[in-house]
């Protein structure tokens, strides 16, 4: 049985914990890219413009989700450290 990579598990967990922000950062840019490709086809516009827009939106989605996952993992780490430390004053 194949084990799910840590990055994929983090993204799945992020979609469970924060579904709205995760969808806004990943699904919406993909939908906009497909919509722009369709608009280019329907209105007989050069596909180079639509392909450039699509690549930019997909690149944005990848970078934004990477940042979102990193921020979530940092939040989890900080909260686990706080739980371990409890109410003790570090100084």
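The values are calculated or read from the model by the stated rules, or taken from the named source; none is laboratory data. Please read these numbers as outputs of a predicted model, since none were measured by experiment. Neighbour counts run over all protein chains shown; Cβ positions are idealised from the backbone, glycine included.
Residue 44 passes every criterion in (1) over 27 Å from residue 8 (Cα atoms); (2) touching a helix residue (DSSP H, G or I) at 6+ places or on another chain (Cβ under 8 Å); (3) at pLDDT 90 or above apart from (2). For the structure I just gave you, tell me whether residue 21 is in a helix (DSSP H, G or I), surrounded by 12 or more Cβ atoms within 10 Å (Cβ to Cβ) and in contact (Cβ under 8 Å) with a residue 40 or more places away in the chain. Here the answer is yes, as residue 21 does meet what is asked. The residues of region 1-18 that are under 13 Å from residue 72 (Cα atoms) and assigned to a helix (DSSP H, G or I), listed by number, are 7, 9, 10, 11, 12, 13, 14, 15, 16, 17.
What about residue 90, is it touching a helix residue (DSSP H, G or I) at 6+ places or on another chain (Cβ under 7 Å), loosely packed, with under 13 Cβ neighbours inside 10 Å and at pLDDT below 90?
On the way: touching a helix residue (DSSP H, G or I) at 6+ places or on another chain (Cβ under 7 Å): no; loosely packed, with under 13 Cβ neighbours inside 10 Å: yes; at pLDDT below 90: yes.
Answer is no for this residue.
Pairs please, first residue from region 72-90 and within 18 Å of residue 11 (Cα to Cα), second anywhere and modelled with pLDDT of 90 or more and exposed (fewer than 10 other Cβ atoms within 10 Å of the Cβ), Cβ atoms under 9 Å, 6+ apart in sequence or on different chains. Taking only residues 6 or more apart or on different chains, not a single pair turns up.
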